[in-house]
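To start, the structure itself, in structure tokens.
The values are calculated or read from the model by the stated rules, or taken from the named source; none is laboratory data. No experiment lies behind these values; they were computed from the predicted model shown. Counting neighbours? That spans all protein chains shown, and the Cβs are built from the backbone with ideal geometry, glycine included. Side chains included, ligands, DNA and RNA excluded: accessible areas come from the protein's heavy atoms. Shrake-Rupley method; radii C 1.70, N 1.55, O 1.52, S 1.80 Å.
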Amino acid sequence: MNDATTPAAVRGAAHPMARGTTPDDGATTPTAPATPTTPTTPTTPTTPATLATLATPTTRAESATDTSASPGAGASARALDDLLGEGGGARPLWRRPALWVGLALLVAVAAGTWWWLGQRQAAAAPRYVTQPVTRGALTVTVTANGTLQPTQLVAVGSELSGTVARVLVDVNDRVKRGQVLAELDTARLGDQVKRSRAGLAAAEAQVQQARATLAEARASLDRFEDVARRSGGEVPSRLELDTARAALARAQAAEASARAGVAEAAAALSSDETNLRKASLRSPIDGVVLARNVDPGNAVAASLQAVTLFSLAQDLAKMTLQVNVDEADVGRVREGQKAAFTVSAHANRRYPATIARLRYGSTTKDNVVTYVADLDVPNADLSLRPGMTATATITTVERNDALLVPNTALRFSPDAARAPAGNGGGGAALLTQLMPRPPRSGEPKRAGTDTSRARQVWVLKDGQPQAVPVTPGVSDGRLTEVTSEVLQPGMSVIVDQASTKR
């Protein structure tokens with residue numbers, strides 16, 4: 001075998017620096033001759049695998065660099081590359097990137113599959129939302145809106161026609177009963193009083209005249225009767241006697257008419273004096289002037305509908321709140337119940353009140369039927385004013401130390417909550433939800449928003465819902481009073497089933 005193909009020759013060609021040659025721009029530098037070696041016969045055959053094992057990337061690079069320096073060494077290097085193939089020898093498995101990328105993708109797919117299966121298994125198990133049973137106070141209320149009014153509101157007008165001479169009060173003035181508020185011009189009314197007094201005097205004079213005539217007629221009749229008694233009826237004649245008697249009767253009638261004339265004149269005088277007094281407008285109550293609609297010099301015309309000149313309110317220390325109670329709540333409202341209300345002027349203050357009257361008459365507006373309730377309101381500090389809009393909360397029921405459960409617990413049913421989850425997934429579930437279903441007449445009705453019909457709640461026992469019988473009582477819309485021999489405070493009742501959709 002040629003020595004150039006032996007391992008020693010290969011190593012000599014692959015390591016030019018060992019021979020003392022250095023590539024430098026195609027030039028060679030002579031060195032001392034190497035010590036001749038005795039060629040040996042290799043014990044193993046020279047194969048491409050053996051050459052690939054002996055050759056390293058550094059050796060091949062140096063051989064390629066030294067090709068221009070030593071033609072023999074370059075030829076040997078080219079022969080080695082031709083033998084090993086372009087790219088050198090095969091790399092180890094652990095140094096191949098494709099292997100590691102494949103392993104990473106396989107691990108990611110396995111982890112995603114494990115997570116997805118775990119989520120499906122967790123979603124398959126039902127999850128329930130619970131709330132604890134409590135014991136405490138429960139208050140049931142009814143809300144109604146209304147306005148504040150004085151306990152008594154009086155409109156003062158005038159029965160007479162005339163001109164306003166004076167106005168003695170203004171708005172917000174406190175007045176007493178009988179106090180003069182305004183006066184009309186009394187000149188014409190005074191003349192009428194004087195005329196009536198003169199007529200009364202004339203009537204009284206007529207009475208005196210009638211009385212004198214009556215006395216004269218009675219005396220004339222007495223003389224005729226005395227003469228007839230003495231003459232034995234001879235004189236006077238019967239005609240003269242009848243005439244005297246008729247004269248007496250006429251005198252008596254004239255005297256009665258004169259007395260009636262006096263009464264008539266006295267009544268006319270009294271009427272005129274009353275009109276004169278009514279020219280002064282007086283307050284009928286103790287209260288406050290809320291409104292004044294007249295000024296001095298205004299003409300007042302009396303008619304069938306009296307004109308309101310003043311509006312008076314009784315003592316504002318006590319007021320009335322009139323609220324409209326809806327027909328759905330009127331059955332729970334009773335006289336004597338306590339209430340509290342707020343007004344916009346004092347939003348942070350709650351005023352107490354008591355129901356004094358619930359009217360039987362209804363009021364219908366926009367097809368809504370309401371009933372008016374009157375509430376007594378103390379107003380010692382006068383912070384409330386007539387006409388204010390108020391929102392009242394009427395306390396209809398109060399319970400202390402009651403066993404309370406959420407209303408959602410009374411409405412919960414495992415069958416209803418399990419129905420959506422049992423429909424499956426995908427397009428079939430969506431199609432089932434969208435398609436209408438016929439009514440199920442044979443299925444018993446479940447409790448809805450009316451918690452008074454519910455007779456059981458559900459608790460968790462060993463992870464499964466179990467029904468507990470209860471007797472519901474009053475409800476405030478959020479909590480309901482129940483009675484049960486099994487249910488105890490602190491126990492958790494199911495109020496909802498968590499959605500299993502992903």
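Brief remarks follow.
- Estimated inter-spin distance, SER161 and ARG238, nm [label 7 Å along Cα→Cβ]: 6.3
- Summing +1 for each Lys or Arg and -1 for each Asp or Glu among the other residues whose beta-carbon sits under 15 angstrom from that of THR364 gives -1.
- The fraction of accessible area contributed by carbon and sulfur in region 239-317 is 55 percent, rounded to a whole number (1.4 Å probe; ligands and nucleic acids excluded).
- Normalised alpha carbon radius of gyration of region 168-297 [divisor 2.2 N^0.38 Å]: 2.00
- All C-alpha pair distances within region 95-217, sorted into 5 Å bins from zero, spread as 2, 6, 6, 6, 6, 5, 5, 4, 4, 4, 4, 3, 3, 3, 3, 3, 3, 3, 3, 3, 3, 3, 3, 2, 2, 2, 2, 1, 1, 1, 1, 0, 0, 0 percent across the bins.
- Charge dipole (debye, nearest 20) of region 274-413; +1 at Cβ of Lys and Arg, -1 at Cβ of Asp and Glu: 220
- Distance from region 161-220 to region 253-332 (C-alpha centre basis), Å: 20
- 3J(HN,Hα) along region 345-353, derived from phi through the Karplus expression 6.51 cos²θ - 1.76 cosθ + 1.60 where θ = phi - 60°, amounts to 5, 9, 5, 8, 10, 10, 9, x, 7 Hz, with x in place of Gly and Pro.
- In this structure, no residue pair taken from LYS176/LYS318; LYS176/LYS278; LYS194/LYS278; LYS318/LYS338 has a Cα-Cα separation over 24 Å.
- Along its first, second and third principal axes, ordered by size, region 235-317 spans 88, 31, 20 Å in Cα coordinates.
- Put simply, the Cα atoms of region 350-409 extend 45, 38, 19 Å along their principal axes, the longest span coming first.
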